[in-house]
Amino acid sequence: MSAPSARPARFITALLAAGTIAVTAGCSGGLAGGGPDASGSAEGPIALGMLAPFSGSESAFGAYMENGAKLAIQEINADGGVLGQQLELVVEDDACDATASVAAANKLVTEGIVASVGGYCSGATLPTLPIFDQAGIPMVIPAANSNDLPDAGLPGVFLINGTGTQQAQSALQYAQQEGAATVAVIDDATSYSADLAGAFVEQATEAGVEVAFEATVTPGENDYASVATQLAQAAPDVVYWTGYYQEGALINRQSVDAGFDGVFMVADGSVDGSFAEITGEGYTENVVGTFTQTPDMLTGAETWIADYEELAGEAPGPYSTQAYDAVRIVAQAIEDAGSTEFDAVVAALEGLDGFETFAGPLTFTETHTRESGGFVIVSIDPESGEFVLKDDLQS
């Protein structure tokens, strides 16, 4: 087995006080693709596929994910690859759109990928599940986290981001820490957003916290004054917006203008530097978010950040680390399996025990979600407009 390059191993070891992490990669698998077959013969580079948004309103996340994955592949290849072969990344744009994602997934299959390390928007990821399943391609999904994904019950689907249920738990924990007696929730009807909103309402109700207001909006509109006025009238202590940052930023501004003076909590789909720019100066003091930590929030990540910046020409952003870890996880599973055959790789993924990632040690549950969600609370720095760590929820 090849060992990981020294730089990521040193970083994660220092960060998590763990031992050296084995990170290797190599595959051929599914129904197509170069690479070793079950007997280990080599035929060429091993292709991993990534669906992510490279156009549309969420395109910044696609770039972060692609560069995070490329950094992992660069390090693995420099260390000799896996099973005697190098890795390559094949990306396709799903634009966070279900129709586009189906076409892009089918293209990745024809291009010979042997594992998928993509998936940002849950609504765009869901329709690709049967496509990759029928092609015998395992999926390690770095960002999309709707419960609808594991609920599909397909054997090759694994989530390394915390689920909607786990994110809702963190949101409720923070609301209770802040003494909230009433909460509200607003979603945008997408799979990710509605799933998270439903989990939050269910958990708040079970905890005896009053849900004072619920609403669903249509994404892409320019005016949410009606729901903002209703929110202000309901006057909850905390509102949880579970959609994406464009709409969330507008709703926050219009709610404050309507008289809402509570906490405006956003989910991970809204944790982006553009939120502060859209919502405007003077409208960020009440904003917090549920998110997984990014490198700039972690002690000892300077080398990793520098390596990413050298490769990408810009600082890492949300989901760059999850994409980096998705590649490492797939690589380790293929190495452990000794081939890229679907059943063997799936069994190896199920057998991972405490694999070190940016979000902490990873062990998959029976439903192929991570045992611990790893969510923290972030807030907006008034000077930079960026989200920064506020509360790790560990106390």
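The values are calculated or read from the model by the stated rules, or taken from the named source; none is laboratory data. The structure presented is a predicted model; accordingly, all values stated were derived computationally and were not measured. Because the Cβ atoms are built from the backbone with ideal geometry, glycine has one as well, and the counts that use them run over all protein chains shown. What goes into the accessible areas is simple: the full protein's heavy atoms, side chains included, and nothing from ligands, DNA or RNA. Shrake-Rupley method; radii C 1.70, N 1.55, O 1.52, S 1.80 Å.
Kindly work out what percent of the DSSP beta bridges joining two residues of the chain are antiparallel, to the nearest 5.
Values: 15 of 45 bridges.
Bridges in the chain are about 35 percent antiparallel.
So, R0 is 25 Å and r is the distance between the beta-carbons of Asn222 and Asp381; what FRET efficiency does that work out to, to 0.05?
0.40
For the chain, take the longest principal axis of its alpha carbons; what is the angle in degrees between that and the long axis of helix 98-110, to the nearest 10 within 0 to 90?
10 degrees
Looking only at segment 269-308, which residues have a backbone nitrogen under 16 Å from a spot 7 Å from the Cα of Leu389 in the C-beta direction?
289-305
Give the shape of the chain as rounded, prolate or oblate, defined through the alpha-carbon gyration tensor: a ≥ b ≥ c are the square roots of its eigenvalues, a/c under 1.5 means rounded, and otherwise the shape is prolate if a/b is larger than b/c and oblate if not.
Prolate.
Rolling a 1.4 angstrom probe over the protein heavy atoms, how many square angstrom per residue are accessible across the chain?
In whole numbers, the chain has 36 Å² accessible per residue.
Which of rounded, prolate or oblate describes segment 157-240 when judged by the alpha-carbon gyration tensor and an a/c cut-off of 1.5?
Numbers: a/c = 2.35, a/b = 1.11, b/c = 2.13.
The shape class here is oblate.
Rounded to the nearest 10 degrees, what's the angle between the helix 225-234 long axis and the longest principal axis of the chain, both from Cα atoms, 0 to 90?
So the helix axis and the longest Cα principal axis differ by about 70 degrees.
Given only helices, namely DSSP H runs of n ≥ 4 each adding -39500 (n - 2.57), what is the per-residue ellipticity at 222 nm of the chain, to the nearest 500 deg cm²/dmol? Display every interim value, and only then the final one.
On the way: 14 runs with 156 residues, N = 395.
Here the helix-only value at 222 nm equals -12000 deg cm²/dmol.
Could you give the longest part of the chain that holds none of the GluC sites (Glu not before Pro) found in DSSP loops with at most 16 neighbouring Cβ atoms within 10 Å? List each step's numbers first, then the result.
Numbers: sites that count: Glu43, Glu111, Glu178, Glu221, Glu281, Glu285, Glu314, Glu366, Glu371, Glu383.
For GluC sites (Glu not before Pro) (loop position, at most 16 other Cβ atoms within 10 Å), the longest site-free span of the chain is 44-110.
Give me the distance in nm between label points sitting 7 Å out from Cα along the Cα-to-Cβ direction at Ser372 and Thr303, one decimal.
With each label placed 7 Å out from Cα toward Cβ, I get 2.3 nm.
Please say if segment 308-395 is rounded, prolate or oblate, where rounded means a/c under 1.5 for a ≥ b ≥ c the square roots of the C-alpha gyration tensor eigenvalues, and otherwise the choice is prolate for a/b larger than b/c and oblate otherwise? Kindly include the intermediate steps, with their values, before the conclusion.
On the way: a/c = 3.78, a/b = 1.70, b/c = 2.23.
Oblate shape, in that a/c is at least 1.5 and b/c is the bigger or equal ratio.
State to the nearest 20 debye the size of the charge dipole of segment 65-132 about its Cα centre, where the only charges are +1 on K and R beta carbons and -1 on D and E beta carbons. It would help to have the intermediate numbers written out before the result.
Values: 2 positive and 9 negative charges, 28 e Å.
The calculation lands at about 140 debye.
Taking 0.36 nm per residue of sequence separation and subtracting the Cα-Cα distance, how much length would be gained by fully extending the chain between Glu202 and Thr99, in nm to one decimal?
Details: separation 103, 0.36 × 103 = 37.08 nm, distance 3.09 nm.
Answer, rounded to one decimal: 34.0 nm.
Could you calculate the contour length gain from Ser55 to Asp261, that is, 0.36 nm times the residue separation minus the distance between their Cα atoms, to one decimal place in nm?
Values: separation 206, 0.36 × 206 = 74.16 nm, distance 3.51 nm.
My answer for the length gained is 70.6 nm.
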